[in-house]
Amino acid sequence: MSQNQLPHLTFACTSLRVNDKKGNVYHGRTLEFPESPLKTNFTYFPQGHVFQHKTPDGSLGLQYHAQYPIMALTMPQNENELHDCLEGINSAGLSFSLNMYHHKGLKSLEQSQYANSIPFEAVGEWGLANFSTVSELKEGLKTAFVWSGIIEVLGLNSPFHFAFYDKQGDCIVVEIKDGELAVYDNPIGVMTNGPEFPWHLTNLNNYTQLTNIDVPVSTIGGLQLVQPDSGIATHNLPASNTSVGRFIKAFYYSSYANQVEDPDEQIIELSHIMNNFDRPKNINVVQTQQNGQPILAREYTVWTTLTDLSRGLLYVREYSKLNYTQYDFKQFENETSLYSIVIN
């Protein structure tokens, strides 16, 4: 294990979508991570920025230019890859989340395809650089040459999947299944981690009883039962922070989100929803062994993002902050080169 590699490898991230009364789309996301020396940056990529990554044999792969400015949260994943995108939005209103998802990797490309290839972990960045809608992205993925390899800071084979959202309300999930790219329409706009996305949709059938309507009084067996408090409707929600439990909770909270007309107010509504997925330190601790010594990994919410797809706004709150910082494409209109600052 290298000094930058994490002792316990999880990203317990939650991504979801809500709409306001006018149909505008908002995208919330948390990133959970064990305590580590890795830092997250806010990074702005101007229109025309050149992207190019290495291929499996170390040669250079596909070179592409950002067709749209991009605001993203980035973290180094491999040597010389300082601004790998974990979350972002482009100026056309396409956004994405990269969440952890374990798989066996993609089938190997032919060496003749290397020059036109991108690594799987760059799919989010590539999508924002080249497309304005989910529909366009789906078409682009059909002809993309994508490969997966070991992420140095994790020691795992590109253990990710992606959710993409656009301001028209469309959403897809991009995963790896049986060595191939799998693209799924996402009608509910929720993504957490494993198992595979279709499994989560099937599992929703076990929750047909979900409702936001409290039933404070009932009569069973001739006995009248009276609930002394409000909130009984959420009794059927899973209590755990597992991927499966968070998926159900995210589905519930996003489905019953309060919708308003004012976009500033809708962002506030989204922030309250995301508070339900905020994880303090020391609440979930995993103990592993290395060289006979116990290693404790305390996973916590490193940051939370709120994205306004229609107005092109990205709000970020780090673990150490009470309030969100707003980033706006208008702030960077005069930036002609990459701009990046550490946020945590």
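Would you confirm, using the coordinates I've provided, whether G28 is buried (at least 19 other Cβ atoms within 10 Å of the Cβ) and out of contact with any His (no Cβ under 9 Å at 6 or more places or on another chain)?
Spelling it out, G28 is indeed buried (at least 19 other Cβ atoms within 10 Å of the Cβ) and out of contact with any His (no Cβ under 9 Å at 6 or more places or on another chain).
Yes or no: the range 74-81 includes at least one residue that is out of contact with any helix residue (DSSP H, G or I) (no Cβ under 8 Å at 6 or more places or on another chain), of a type outside the set (S, T, N, Q) and outside any loop (DSSP other than H, G, I, E, B).
yes
Among the strands (runs of 3 or more DSSP E) lying completely within the range 103-202, list those that include at least 1 residues that are touching a residue at least 12 places away in the same chain (Cβ under 8 Å) and of a type in the set (S, T, Y).
117-119, 160-166, 180-185
N206 versus (1) touching a residue at least 12 places away in the same chain (Cβ under 8 Å); (2) within 30 Å of E32 (Cα to Cα): which is the lone unmet condition?
Going through the list (1) touching a residue at least 12 places away in the same chain (Cβ under 8 Å); (2) within 30 Å of E32 (Cα to Cα), N206 breaks only (1).
So I283 clears everything in (1) crowded, with 17+ Cβ neighbours inside 10 Å; (2) at pLDDT below 95 except one condition, right? Which one?
The number of the failed condition is (1).
The values are calculated or read from the model by the stated rules, or taken from the named source; none is laboratory data. The structure displayed is predicted, hence computed values, not measured ones. Here the Cβ is made from the backbone with ideal geometry for all residues, glycine too, and neighbour counts use every protein chain on show.
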